[in-house]
Amino acid sequence: MRERVFRFRGLAKMLKFPPFKTIATMISSPYSSFLLPRKSSFPPMPSLAAASVFLHPLSSAPMGDDSGMDAVQRRLMFEDECILVDENDKVVGHDTKYNCHLMEKIEKGNMLHRAFSVFLFNSKYELLLQQRSATKVTFPLVWTNTCCSHPLYRESELIDENALGVRNAAQRKLLDELGIPGADVPVDEFTPLGRILYKAASDGKWGEHELDYLLFMVRDVGLNPNPDEVKDVKYVNREELKELVRKADAGEEGVKLSPWFKLIVDNLLFQWWDGLQKGTLTEAIDMKTIHKLT
């Protein structure tokens with residue numbers, strides 16, 4: 001009986017979400033002009049009895065031998081619950097980060113989860129890149145945009161209006177990965193520009209299938225990278241990024257780029273970068289279209 005009580009309490013703890021408050025305020029960014037909601041509106045949270053309804057049908061115990069997985073990454077893989085969506089970005093459930101990145105489940109169940117990619121520029125309009133740590137489960141040691149991660153299945157990160165949930169998640173992960181305090185990257189100053197949908201295999205076991213929100217911000221920030229997440233960082237101008245892409249395409253110096261970053265660079269980034277420097281970035285905002293990139 002005691003064991004059942006403990007299990008019930010554990011489940012209740014997992015389904016308890018932290019409180020969230022929003023304050024109506026005009027966004028101060030010169031690149032967006034929307035108003036934050038006066039009241040947040042969330043999808044209803046599952047009751048204990050109905051919790052299983054929200055789990056993806058292919059959810060199951062871990063597959064294969066993961067004995068070599070880094071302890072920090074293992075904890076995140078099993079504790080973090082990603083938001084499952086359909087191809088129209090409608091929330092359909094949730095599942096562990098572990099299950100969401102198994103290629104077998106992605107291919108068999110077409111599991112698709114919500115994600116975001118932050119592009120943080122300094123006042124010289126140089127883009128901050130990071131090299132993912134060697135312990136990352138998917139795409140270790142590749143160069144990518146400033147921060148790439150997932151909003152989690154919690155109240156503050158499920159807010160669809162003005163992509164507020166995604167922006168809250170982006171602020172959280174910039175602190176987790178790069179040590180950037182929330183005060184240095186205000187939620188109101190992220191500019192959501194668009195969404196892409198892509199699929200990419202990392203190796204035989206792991207991969208990505210994401211509906212990815214693309215967020216721009218211009219801020220001068222201090223950095224304190226977390227070595228569990230980030231191996232290296234650097235700012236690049238447009239020409240330096242083009243040279244990095246050339247090296248990756250040619251297989252020179254072992255340079256590799258994340259597949260989502262390469263897709264964004266090839267299809268969207270430079271025209272948005274132009275708009276950023278010219279002060280016309282808001283003209284590029286399109287949160288209605290979901291670009292399916294391959």
Descending principal axes extents, the stretch 191-289, alpha-carbon based, whole Å | 40, 30, 29
Rounded accessible area of T282 (nearest 10 Å², 1.4 Å probe) = 60
Roughly how many debye, to the nearest 20, is the charge dipole of the stretch 146-294 about its Cα centre, given +1 on each Lys and Arg Cβ, -1 on each Asp and Glu Cβ, and no other charges?
-> 320
Quick one: how many Å² of V245 are accessible to a 1.4 Å probe, rounded to 10?
-> 20
On the accessible surface of the stretch 187-294, probed at 1.4 Å, how many percent belong to carbon and sulfur atoms?
-> 44
Rounded to the nearest whole Å², what accessible area per residue is found for the stretch 91-170 with the 1.4 Å probe?
-> 25
Can you work out the FRET efficiency for the pair A134 and D66, with r the C-beta to C-beta distance and R0 = 22 Å, to the nearest 0.05?
-> 0.85
J(HN,Hα) series, the stretch 261-275, from Karplus relation 6.51 cos²θ - 1.76 cosθ + 1.60, nearest Hz, glycine and proline x = 5, 4, 5, 5, 4, 5, 10, 9, 4, 5, 5, 6, 4, 4, x
What nm distance separates the two modelled labels at D184 and D80, each placed 7 Å from Cα along Cα→Cβ?
-> 2.0
Work out how much length K242 to L175 would gain on full extension: take 0.36 nm times their residue separation and subtract the Cα-Cα distance, in nm to one decimal.
-> 21.3 nm
Ranked by how many other beta carbons lie within 10 Å on average, peptides 266-275, 162-171 from highest | 162-171, 266-275
Which value, in Å² rounded to 10, gives the accessible area of V91 with a 1.4 Å probe and all protein chains present?
-> 40
With a Förster radius of 35 Å, plug the Cβ-Cβ distance of E253 and D274 into 1/(1 + (r/R0)^6) and report the FRET value to the nearest 0.05.
-> 0.80
State the extension gain, in nm to one decimal, for the chain segment bounded by K124 and K205, taking 0.36 nm per residue of separation less the distance between their alpha-carbons.
-> 25.1 nm
Pairs to check: K97/K199; K97/K256; K124/K292; K199/K256; K124/K247; K108/K247. Give those whose C-alpha atoms are more than 27 Å from each other in this structure.
-> K124/K292; K108/K247
Counting only DSSP loop positions in the stretch 73-158, the trypsin sites (Lys or Arg not before Pro) whose Cβ has at most 16 other Cβ atoms within 10 Å are K90, K124
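Would you mind getting the Kirkwood hydrodynamic radius of the stretch 74-197 from its Cα pairs, rounded to one decimal in Å?
When all Cα pairs of the stretch 74-197 are included, the Kirkwood radius is 15.4 Å.
The values are calculated or read from the model by the stated rules, or taken from the named source; none is laboratory data. Nothing here was measured: the structure is a model prediction, and the numbers come from that model. Cβ: placed from backbone, ideal geometry, glycine included. Neighbour counts: every protein chain shown. The accessibility values were calculated without ligands, DNA or RNA, using every heavy atom of the protein model including side chains. Shrake-Rupley method; radii C 1.70, N 1.55, O 1.52, S 1.80 Å.
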